[in-house]
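Here is the structure we will look at.
The values are calculated or read from the model by the stated rules, or taken from the named source; none is laboratory data. Predicted model only: the values in this text are computed from it and were never measured. Here Cβ is always computed from backbone atoms with ideal geometry, including for glycine, and neighbour counts include all displayed protein chains. SASA here: full protein model, heavy atoms, side chains in, ligands and nucleic acids out. Shrake-Rupley method; radii C 1.70, N 1.55, O 1.52, S 1.80 Å.
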Amino acid sequence: MQAARRKLCQIVAFGFINSDPGNLLKGVINKGDWKKFCVPGMNCYSCPAARFSCPVGALQTVNGNMDFSFSFYAVGVILAFGVLMGRWLCGFLCPFGLIQELIHKIPVKKLRLPKIFTYIKYLMLVLVFIVPVFVTDFTGTGEPAFCEYVCPVGTLEGGVPLLLANESLRQLAGPLFRWKIAVLAVTLIGCMFICRFFCKVACPLGAIYGMLNKISAYHLEVDDEKCKHCGKCAAECPMDVDPCKSPNSAECIRCGRCRAVCPEGAIRFRFGYGPGKKKGEITARQSGS
């Protein structure tokens, strides 16, 4: 039941964020007033159906302008959502997260990603925050390195639909677009074998939310007295987290699958700080992986 509710939430969020499908046939980008606002998940500004902006794109655009302004709005949105909900946003509201999960359902042998690769997404933050400031063109405008050279979300949601619908844009596609298609192909193939491959390896937004998992108001708690350390929760986790050891790991997307399989009912999610309503009922371990 929990899984069905989460999937419904993901589908509704995807539809709400991309609520202008008519532009898909026209091959144009929605530039309405709602584009001034960022959504909490990865969804490309250039997607013809997108009604809102992507916070990562907004960060790079503002940080890279010739005045070297800081995007207080985009950072504020990210931090506000992250402090409130942590990486729950990745698990329930991110459109690209839904796409990755659907691709992962393709019946191939599933693999576990070595933990060292999960740190790559923190390097992606350098591309988002630092490169646009220090790498500029002759006009003083910064290079939106992550969006331009890496982001597979923009290629899938923006580049491909625009080129399919707009012949003039297809004639302009060159080596850079072919590179982006290669990055997208690697990402999608990776998602077939590894659940949420992009989230684990390269998502800068997930990196930020993950760092906020340990202080977010919405968090996971484990009852030490009830837990039998059977390992069922760790085996079920799509993000390769052991909730008993790291209940607030930076990788946890709060999907609830660990709670669903716990035979002792030792896992719960709670909104708020301090002890729960029943004092001493659950001992929360806040150490992350």
Which ³J(HN,Hα) values in Hz, rounded to whole numbers, follow from the phi angles of the stretch 29-43 under the Karplus curve 6.51 cos²θ - 1.76 cosθ + 1.60, where θ = phi - 60° and Gly and Pro get x? 9, 5, 10, x, 5, 5, 5, 6, 9, 9, 9, x, x, 7, 8
I'd like to check one number: the per residue accessible area of the stretch 1-125, probe 1.4 Å, reported in Å² as a whole number. 52 Å²
Under Karplus coefficients 6.51, -1.76 and 1.60, residue-wise ³J(HN,Hα) of the stretch 202-217 in Hz, glycine/proline x: 10, 7, x, 5, x, 5, 5, 4, x, 5, 8, 4, 6, 10, 5, 5
Just report the Cα centroid separation between the stretch 159-207 and the stretch 1-67, whole Å. 16 Å
Taking amide H positions as placed 1.01 Å from N in the peptide plane, with prolines and chain starts having none, which residues 5 or more places from C244, or on another chain, fall under 5 Å of its amide H? none
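Say R0 is 22 Å: what FRET efficiency, to the nearest 0.05, do V160 and F16 get from their beta-carbon distance?
Numbers: r = 22 Å, r/R0 = 0.99.
That pair, V160 with F16, gives E of 0.50.
Of K110/K232; K105/K228; K36/K121; K31/K180; K7/K200; K105/K200, which sit over 22 Å apart, Cα to Cα? List each step's numbers first, then the result.
Details: K110/K232 17 Å; K105/K228 31 Å; K36/K121 26 Å; K31/K180 24 Å; K7/K200 19 Å; K105/K200 17 Å.
From the list (K110/K232; K105/K228; K36/K121; K31/K180; K7/K200; K105/K200), the Cα-Cα distance tops 22 Å for K105/K228; K36/K121; K31/K180.
How large is the translational diffusion coefficient of the stretch 149-242 in µm² per second when you combine the Kirkwood radius over alpha carbon pairs with Stokes-Einstein at 25 °C and 0.890 mPa s? Walk me through the numbers before you get to the answer.
Numbers: Rh = 16.5 Å.
Stokes-Einstein gives a translational diffusion coefficient of 149 µm²/s.
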Whole number in Å², please: accessible area per residue of the stretch 142-197, 1.4 Å probe, ligands, DNA and RNA not counted. 47 Å²
Against the longest principal axis of the chain, how steep is helix 175-193, in degrees 0 to 90 to the nearest 10, with axes from Cα atoms? 20 degrees
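In whole percent, how big is the carbon plus sulfur part of the accessible area of the chain, probe 1.4 Å, protein atoms only? Each step should come with its number before you reach the end.
Numbers: 9810 of 14260 Å².
Its accessible area is 69 percent carbon and sulfur atoms.
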For a quick check: with amide H placed at 1.01 Å from N, whose amide H comes under 5 Å from C38's, ignoring anything fewer than 5 positions away on the same chain? S53
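In square nanometres, what is the average projected area of the Cα convex hull of the stretch 1-120? Intermediate values should be presented prior to the final figure.
Details: hull surface 41.3 nm².
Average of the hull's projected areas for the stretch 1-120 equals 10.3 nm².
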Length gained if F117 through F193 is fully extended, taking 0.36 nm per residue and subtracting the Cα-Cα distance, is 25.9 nm
With 10 Å bins from zero, work out the P(r) of the chain over every alpha carbon pair and list the percent per bin. 6, 26, 35, 21, 9, 2, 0
Efficiency of FRET from Cβ geometry, R270 and V28, R₀ 51 Å, rounded to 0.05: 0.70
Mind listing which GluC sites (Glu not before Pro) in the stretch 155-264 are in a DSSP loop and have 16 or fewer other Cβ atoms within 10 Å? E225, E264
